[in-house]
Each structure stands twice: as structure tokens, then as C-alpha cells.
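Any read-out appearing in this document is the output of simple, stated calculations on the displayed coordinates, not a laboratory observation. Not measured: the values here are computed from a predicted model. Please note: Cβ atoms are built from the backbone with ideal geometry, for glycine as well, and neighbour counts cover all protein chains shown.
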């Protein structure tokens, strides 16, 4: 059977999308960071999956429909992980800035610093 141009487009699109997700999921899982992943990338990826899903459903290509549904679920999960990791990172940076501000309470009367043992040392400018 000769594949139509539409079949070739669907196959190439589905295969490309499938292969490109594997490194992103692996890196995000192991690094516990999604800072390297662009929201634009994810949006384009979701559109690609959705179009492939429409193609597969319209032609009732269940061997394509089932994997692309799983893939769409994975990219949405990756997007959710990115939102969670980005928020966590932002919160940690805010807490770090807040802690740094608290440690520099009053330069005139003394500076509170944390020792390696976790206890406060107060040094004055006298």
C-alpha cells in the first residue's frame, strides 16, 4: 500500500514529537528543574500533539491516537512540573533575599551572621 502525503505528514509529525519529548522528560526528572524549558516550546509542542491527535482521530488510526494521547498527557505534565518548579525556585529566591535582608539588620549597632553551627554571632562596629 502506498502512503498518501497526509499519511507521511502524520507519521513524520508523530514520530518527531514522540522522540523530542524523551530528553526533556529525562532532564527535568533528574535535575528537578525545568528552567531550561521554554513555555513557547511547550505551547508549540501541545499544539503539535493536538493536531496529530485530531488527524489520528479523524482517520480512526488507533495505533497513532493512543500514543499521541499519552504524549499529550506527558507534555501537559511536563508543563505542570515547570510551573511548580519555577514557582518553587522563585519562592526560594525570595526567601533567600529575605534572609539576607534580615541578617543585615542594623549596620550601626551590629550585624547578625549565621555560623556553620547554626548559632547567631553578633559583631559590632565598635
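Once the Cβ-Cβ distance of residue 95 and residue 47 is raised to the sixth power relative to R0 = 41 Å, the FRET efficiency obtained is 0.70. Look at the Cα gyration tensor of the range 1-96: its axes a ≥ b ≥ c give a/c of at least 1.5 with a/b over b/c, and that counts as prolate. For the range 1-32, the residues whose backbone nitrogen is under 13 Å from a point 7 Å from the Cα of residue 88, taken along Cα to Cβ, are 28-32.
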